[in-house]
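Working notes, beginning with the structure itself.
The values are calculated or read from the model by the stated rules, or taken from the named source; none is laboratory data. Small disclaimer: the values here were computed from a predicted structure and weren't measured. Backbone-built Cβ (ideal geometry, glycine too); neighbour counts: all protein chains shown.
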Ligand SMILES: Cc1cc2nc3c(=O)[nH]c(=O)nc-3n(C[C@H](O)[C@H](O)[C@H](O)COP(=O)(O)OP(=O)(O)OC[C@H]3O[C@@H](n4cnc5c(N)ncnc54)[C@H](O)[C@@H]3O)c2cc1C
Ligand code: SF4
Ligand code: SF4
């Protein structure tokens, strides 16, 4: 932590990359300012409670990391700081309740479904609820899709090129089971045998993002041993899971099973990265030209440095035209549980993102992360725009299979 | 009163200290500036001349302010260098006068004007204090930049005795072209086209012609590439700006002297933006004119300076009268001089310098 | 800061834009020169120039000192707050009000980021020329205060040469406007734009700025040459200048700076004592002709490796290392001081030898990055704040470098300004009378000396230099730094 703080030379190069800074224009809501605040808290010249609102407003989008010439590992700093603070933190009752809800429901598809049902009842009462709850309700679709379990093993089609397992994801399983389903199909179509271990669950990342360290560790642990040993990779279709798992090293620091966590983390690969390094075999493409905007998920672009993988895949598809947009690297405001914690900022970022997407006049938006997809759909809906937003796995499946 | 020609800074200081009003003349080439100076001690700076420091490899030169521009240019030319702000009237004007009046010529188009090439100065102010402003190196960010302030200051704030400029290597070869347009708007569109293109012109002037408007353009560069560049530029202009006629012109001294063909009792320089030209031009019927530097400077000659002043005022513009008997050399819209007044208060509180 | 003043601010600003709590003010404590830290009494974040004007007038009325702040990237403590003073943060004023590609001008608010002007002008084939290394974040207001420049200022000049007009509020609340949309700028009358630019925020606040745009060069040809001797790279620069070429940029980095840049952006620089970057820019045909000449010169200059950028990507890579070199040094050393001095180009070699000797004398590492074309040196002095007395030693070394610059006929700053850091070196460059005149000018504009009080002029209280030392948690054994 201290290394990260001391490495910061206060040059400000990270400021333009930071969504909250560009929105609020104030130093406390910039990476440089947050580092400074954390430093003051650690040095005990500032109380943690005073600094908290500004740290809470950080999206954790990591756009500041590649922007920093001095190599400040902001991500490590933030995660460690949040873990440290969470242990001591007192939240106001309502906040604490909302957070409890996040911690207790989001990681568990069944509970989440349940909450969602009640949520729908809650929609009628939205006006009476505090903003934090209202925004959570906004995320819920009118009707939850029915579960769409993938078979435990989906055989490769044609020549076998690799064996992988799918990480089920949590919120995503409830909100959009079709994503993993499509991912499995797209992989199989490209010669990959796909396992979906029935007992695997949430990786804990979403809790790590809100600093609920203990719960995160427990969830993560449950997954070790659920996956076959002879697979080439564990595939995630949610960017947040991917980058969260790469933070296991920090999470499991000084834990007895740190080695196991590291081994697990090494196997985890994002869907697009995996397929792009394997190389697409099938690409029938679309009958008519599709104008596509690819929305980078922060946790792929900034946290995992994946700028070109998904784009490379999309560009290989016949009749798919990839359109550039302004401020492509700017967060859409989704950021894990952020649109639940900081609804106003999330909404404004979403509004800006949608505006720059629409300026490119696409007929399809593609992303690699459920959070971004939900956020964009929500924002588009509020502007009354019917533009579809889909996961890259779905688009590739359609393109590979020529929509069987 | 006869002019005195001090030969040293100390002499100038004592002259200022012992006079109520002081008026500086360089070479006296801008006669309009010397009209309202009755009773003032006239300081002739021609004694303060000569190249004081010149290291071609530094791109800098320091000269006495009273010297002729022509002599400076000749010294630079020996080393293949030039003053890119292209002072006007090199044969008649002093270097100090060029700075005081901010008189740059057509080649200012390429790299910038007097303000862009002045680096520092030695001054005697209205209190008789002698001091330096700016620096002698091409880059310097220490202290307030009073050297730039001198540009256009008309000798009213301090007397310049020494000036340091940035200089550049000059091009070995030049080619000039003329494009004719029937309407002013078309000629202006051609300027806008050039402004957004990658053609690098050495100079670009807009001149009324018998049957419309002419754009006079010049390119400068190496022998090897110049003919091809000229060809490409002419072709581009022909394709995109549809001139009614294109001609290659022989280089001659008068071709690029904006004042050569401007006859009239009064000669005025005004700064304006190209888009102000149409409205302004409609108002100055009768004035001879040339819009130099891509339409950013108007050179105007007229016998009716009142009408010209009114037209300038109407367009929110200001002009500097260089020739002719005027009450005040600056005509047209009044300047917002809140900041200039503060400087005056410090450098010449008794208003000695006129 | 009295209650009435705060109350008056409250009538201008909603609570979110009037910062008074510690947690809100701490992040404004320093600019990019972190050796100085001062917490302001309050900060405001105006949304309009009317708010700025009202604020400045209030400050004048209540004799409260203020500091305008752009992005706080000043390297000389220029935007360091004043204790008991007000910070006026201009980042929210970031609109480009007008872009007229035909006349090649833009009218912008002071908080507009330098690079965003170029981004806005790019579709029209234009760009904003001054390119400080910090261009992705520094604001036009800050650029104006320091007359900032960058690697590409040899040909077309610094900020001052690209500002045509301004609306400003002087420190006493007077609002005034000068200059125009003509490339002549002020044109008739003293060049007030030239005077205001470089005044380091001591005259007042720039509210609206008209800048000129330049056509994007059709072609860049960029050469990277590696030398096993720093002096030889310097000689190569003299050879280029003597040949009559006018490159857009000429930059030198020494071994340590190369190492930092490599660690940061992995530009793939050759392993060398010195790297020279020369870039030609302009019309394709002309640049290609010039390039042949340049190649001949560089080949004859004793470089052991020459690389020519063959694509925009390769060019960007060459520059990325150079542009990020300052902050990249943060990877090599826990602490460092960025210096900025100018020497006549012909004495560059001498200066480098002297700096080498000083390095030995102080036992500190110095990385050199410089705009070789205009003799602007940026020595980066590395030290470890944890060692007792290290900061003082580094400061002393920095001071000697500045003295060296003045002795060689140069300047104590080329682009970072005097700010808080170099106040005490002003007498080395200016006589007492010259300083008096500047002071008098300042007081004629700002009788109460409220605008950026304590900067530029020697004397007055300076905040204590901050000794980094051991981190409190480190002392307590909780954390460690490798
Ligand atoms: C890594 C790094 C690299 C750098 N590279 C360069 C370089 O190559 N070239 C260079 O010249 N500089 C460089 N700098 C220095 C710095 O970026 C410049 O000085 C820049 O102009 C400061 O802009 P800012 O917006 O951060 O201003 P701030 O630091 O916020 O303020 C600087 C000064 O400007 C004043 N000011 C701000 N806005 C206004 C306004 N509207 N009106 C009047 N005064 C105002 C402030 O009061 C202060 O005195 C570098 C800095 C860093 C950290
Ligand atoms: S870019 Fe890096 S070093 Fe610079 S302020 Fe941001 S975090 Fe600190
Ligand atoms: S993680 Fe994102 S929101 Fe947080 S400081 Fe970095 S750029 Fe800003």
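A few remarks follow.
- Just one of the numbered conditions (1) crowded, with 22+ Cβ neighbours inside 10 Å; (2) out of contact with any helix residue (DSSP H, G or I) (no Cβ under 8 Å at 6 or more places or on another chain) is not true of residue A:288: (1).
- Index of the failed condition, residue A:46 passing every other in (1) in a helix (DSSP H, G or I); (2) more than 14 Å from ligand 2 (Cβ to nearest atom); (3) facing another protein chain (nearest Cβ under 7 Å); (4) over 22 Å from residue C:333 (Cα atoms): (1)
- Number of residues in region C:254-266 that are within 14 Å of chain A (Cβ to nearest Cβ) and either in contact with a strand residue (DSSP E or B) (Cβ under 9 Å, 6 or more places away or on another chain) or assigned to a loop (DSSP other than H, G, I, E, B) (or both): the value is 5.
- Residue A:72 vs. criteria more than 7 Å from chain C (Cβ to nearest Cβ), in contact with a helix residue (DSSP H, G or I) (Cβ under 7 Å, 6 or more places away or on another chain) and closer than 26 Å to residue A:297 by Cβ: yes
- Test for residue B:235: is it over 30 Å from residue B:325 (Cα atoms), within 14 Å of another protein chain (Cβ to nearest Cβ) and buried (at least 18 other Cβ atoms within 10 Å of the Cβ): no
- Looking across region C:437-461 at every residue that is in contact with a strand residue (DSSP E or B) (Cβ under 8 Å, 6 or more places away or on another chain) and over 20 Å from residue C:424 (Cβ atoms), the one that is nearest to the other protein chains (Cβ to nearest Cβ) is identified as C:445.
- Top-ranked residue in region C:235-249 [being within 24 Å of residue C:353 (Cα to Cα) and either modelled with pLDDT of 95 or more or within 12 Å of another protein chain (Cβ to nearest Cβ) (or both); ranked as surrounded by the most Cβ atoms within 10 Å (Cβ to Cβ)]: C:237
- Checked against the criterion of being part of a loop (DSSP other than H, G, I, E, B), at pLDDT below 85, away from ligand 3 (no atom under 16 Å from the Cβ) and surrounded by 18 or more Cβ atoms within 10 Å (Cβ to Cβ), region A:62-80 has no qualifying residue.
- Selection count where residues are in contact with a strand residue (DSSP E or B) (Cβ under 8 Å, 6 or more places away or on another chain) and assigned to a helix (DSSP H, G or I), scope region C:1-11: 3
- Top-ranked residue in region A:23-33 [being more than 8 Å from every other protein chain (Cβ to nearest Cβ) and buried (at least 21 other Cβ atoms within 10 Å of the Cβ); ranked as nearest to ligand 1 (Cβ to nearest atom)]: A:31
- All of (1) away from every other protein chain (no Cβ under 14 Å); (2) in a loop (DSSP other than H, G, I, E, B) hold for residue B:294 with one exception: (1).
- Across region C:179-195, the number of residues qualifying as within 20 Å of residue C:205 (Cβ to Cβ) and at the interface with another protein chain (Cβ under 7 Å from one of its Cβ atoms) comes to 6.
- Residue pairs whose Cβ atoms lie under 6 Å apart, sitting 6 or more positions apart in sequence or on different chains, and linking a residue in region A:300-329 that is without any contact (Cβ under 8 Å) to a residue 24 or more places away in the chain to a partner that is surrounded by fewer than 21 Cβ atoms within 10 Å (Cβ to Cβ), are A:315/A:322.
- Per-region count, region A:1-50, residues more than 13 Å from ligand 3 (Cβ to nearest atom) and either farther than 30 Å from residue A:326 by Cα or in contact with a strand residue (DSSP E or B) (Cβ under 6 Å, 6 or more places away or on another chain) (or both): 18
- For region C:12-49, the set of residues classified as assigned to a helix (DSSP H, G or I), in contact with a helix residue (DSSP H, G or I) (Cβ under 9 Å, 6 or more places away or on another chain) and over 22 Å from residue A:44 (Cβ atoms) consists of C:12, C:16, C:17, listed by residue number.
- Some residue of region C:116-131 being under 22 Å from residue C:169 (Cα atoms), free of Cβ contacts under 8 Å to residues at least 12 places away in the same chain and out of contact with any helix residue (DSSP H, G or I) (no Cβ under 8 Å at 6 or more places or on another chain): no
- Any hit, region C:207-215, residues being at the interface with chain B (Cβ under 7 Å from one of its Cβ atoms) and either farther than 27 Å from residue B:229 by Cβ or assigned to a strand (DSSP E or B) (or both): yes
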